[in-house]
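> What follows is a structure written as structure tokens; I'll ask about it next.
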Amino acid sequence: YTGLTVAEMSDLRLRMRNVGGAVRVAKNKLVKIALEGKDCQSMDKLFFGQTALIYSEDQVAAAKVAVEFSKENKKLVILGGAMGATALDAAGVVQVSEMPSREEVIGSITGMLIAPASNLVGALSSPASNIAAIISTVEDSKAA
């Protein structure tokens, strides 16, 4: 994040807060100590120079915000990341950002669950409307 202004960092922090995440700047030595013995310890080689941690409960949301912000502002360079125990390089973070977010997945599952019910309602109401149309046509032909 070398060269980012306070306003740009504030914008990044706000975007992350909006998706339930955060941006933290920490000493690289402390981050390496915190990673010792963890599943994603292989990430420790990414912490050199000025680095910031961008994270959220929804890893895809954090990746989306980071990649989008880095495209708009070339001063933010993505070095890598982690998704659970899997360490990712910069290309891996970009691939994760292209995945659907948690909310998008929930929405599509909800749509799939509701679709059969709405199709059933349409199928059940269709014969009744067809019968009503036939009766109306028969009455009109008798009246004529």
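> When the residues of the range 18-34 are filtered to those that are of a type in the set (Gly, Ala, Ser) and touching a residue at least 40 places away in the same chain (Cβ under 8 Å), which remaining residue is surrounded by the most Cβ atoms within 10 Å (Cβ to Cβ)? Write out each step before concluding.
Quick first cut of the range 18-34, residues of a type in the set (Gly, Ala, Ser) only: 20-22, 26, 34.
Still in the running and touching a residue at least 40 places away in the same chain (Cβ under 8 Å): 20-21.
Details: 20: 12, 21: 19.
Top of the filtered list is 21.
> Further question on the same structure: Looking only at the range 35-46, which residues are at negative phi and exposed (fewer than 11 other Cβ atoms within 10 Å of the Cβ)?
36
> Out of the residues in the range 47-81 that are in contact with a strand residue (DSSP E or B) (Cβ under 7 Å, 6 or more places away or on another chain) and open to solvent by 40 Å² or more (accessible area, probe 1.4 Å), which is farthest from residue 12 (Cα to Cα)?
59
> Collect the residues in the range 1-17 that are of a type in the set (A, V, I, L, M, F, W, C) and open to solvent by less than 60 Å² (accessible area, probe 1.4 Å), keeping them in residue-number order.
In the first step, residues of the range 1-17 are kept if they are of a type in the set (A, V, I, L, M, F, W, C); the result is 4, 6-7, 9, 12, 14, 16.
Of everything in the range 1-17, those that are of a type in the set (A, V, I, L, M, F, W, C) and open to solvent by less than 60 Å² (accessible area, probe 1.4 Å) turn out to be 4, 9, 12, 16.
> May I pose another question? For the range 82-107, how many residues meet the condition of being in a loop (DSSP other than H, G, I, E, B) and open to solvent by less than 70 Å² (accessible area, probe 1.4 Å)?
Of the residues in that region, 3 qualify.
> Follow-up. Tally up the residues in the range 1-17 that are closer than 16 Å to residue 81 by Cβ and either of a type in the set (S, T, N, Q) or free of Cβ contacts under 8 Å to residues at least 40 places away in the same chain (or both), please.
0
The values are calculated or read from the model by the stated rules, or taken from the named source; none is laboratory data. Note that this is a predicted model, so its numbers are computed, not measured. FYI the Cβ positions are ideal-geometry reconstructions off the backbone, even for glycines, and counts take in every protein chain you see. With ligands, DNA and RNA removed, areas are computed over all heavy atoms of the protein, side chains included. Shrake-Rupley method; radii C 1.70, N 1.55, O 1.52, S 1.80 Å.
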